[in-house]
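See below for the structure under consideration.
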Amino acid sequence: MESGRPVPPVVAAWHDLVRRRHADPTGASADLEGLLAPDVVFRSPAVHSPQEGPAVTAAYLRAALVVLGPELVYHREWYADGSAVLEFTTTVSGKQVHGVDMIAWDDRDLITDFTVMVRPVQGLEAVIAAMGAELMRG
């Protein structure tokens, strides 16, 4: 996970939250909302339109952490001023998933934009089905 630059604080906080979420599924929820700007937008391959605001973004990210599960591994990261791309793999419902999280943040280190892209299509279909089920539970 080297980009040649220091890990931005918001990315380090995200990784810490992901680690803690896998260790204790109920433990990291409050910290998640503390990472989100009031005007945050979440874009998911599981829904057509952008989701706006911290409450709905937190709900989608919590569901994603459950769905992507403990097999979620970040491999490479790229940083620019106020943004990062984090490449990951996991398995969902027996399907391999390869994707990226694209994160942008403001000068207060609060996430303003979180976009997820996933491939291949079989993995995407598994993610969409599992996200729908998890969001219904939530």
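Take the residues in the stretch 93-109 that are in contact with a strand residue (DSSP E or B) (Cβ under 9 Å, 6 or more places away or on another chain) and surrounded by 17 or more Cβ atoms within 10 Å (Cβ to Cβ), then tell me which one is nearest to residue 10 (Cα to Cα). Per the stated criteria, the residue is 105.
Yes/no per residue for (1) without any contact (Cβ under 8 Å) to a residue 60 or more places away in the chain; (2) surrounded by fewer than 19 Cβ atoms within 10 Å (Cβ to Cβ); (3) in contact with a Phe, Trp or Tyr (Cβ under 9 Å, 6 or more places away or on another chain); (4) not in a strand (DSSP E or B):
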residue: 37; (1), (2), (3), (4): no, yes, yes, no
residue: 41; (1), (2), (3), (4): no, yes, yes, no
residue: 47; (1), (2), (3), (4): yes, yes, yes, yes
residue: 61; (1), (2), (3), (4): yes, no, yes, yes
residue: 67; (1), (2), (3), (4): no, no, no, yes
residue: 70; (1), (2), (3), (4): yes, yes, no, yes
residue: 74; (1), (2), (3), (4): no, yes, yes, no
residue: 79; (1), (2), (3), (4): no, yes, no, no
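Scanning the stretch 105-130 for residues that are of a type in the set (S, T, N, Q) and within 15 Å of the chain's Cα centre (by Cα), we see that the one that is nearest to residue 94 (Cα to Cα) is 115.
If you go through the stretch 49-59 and keep only what is closer than 24 Å to residue 107 by Cα and either buried (at least 19 other Cβ atoms within 10 Å of the Cβ) or not aliphatic (A, V, I, L, M) (or both), you end up with 50, 51, 52, 53, 54, 57, 58.
Whether any residue in the stretch 70-85 is of a type in the set (Gly, Ala, Ser) and at pLDDT below 95 is what I want to check. Yes, that holds for at least one residue.
The values are calculated or read from the model by the stated rules, or taken from the named source; none is laboratory data. From a predicted model like this one, the values you see are computed outputs, not experimental measurements. Here the Cβ is made from the backbone with ideal geometry for all residues, glycine too, and neighbour counts use every protein chain on show.
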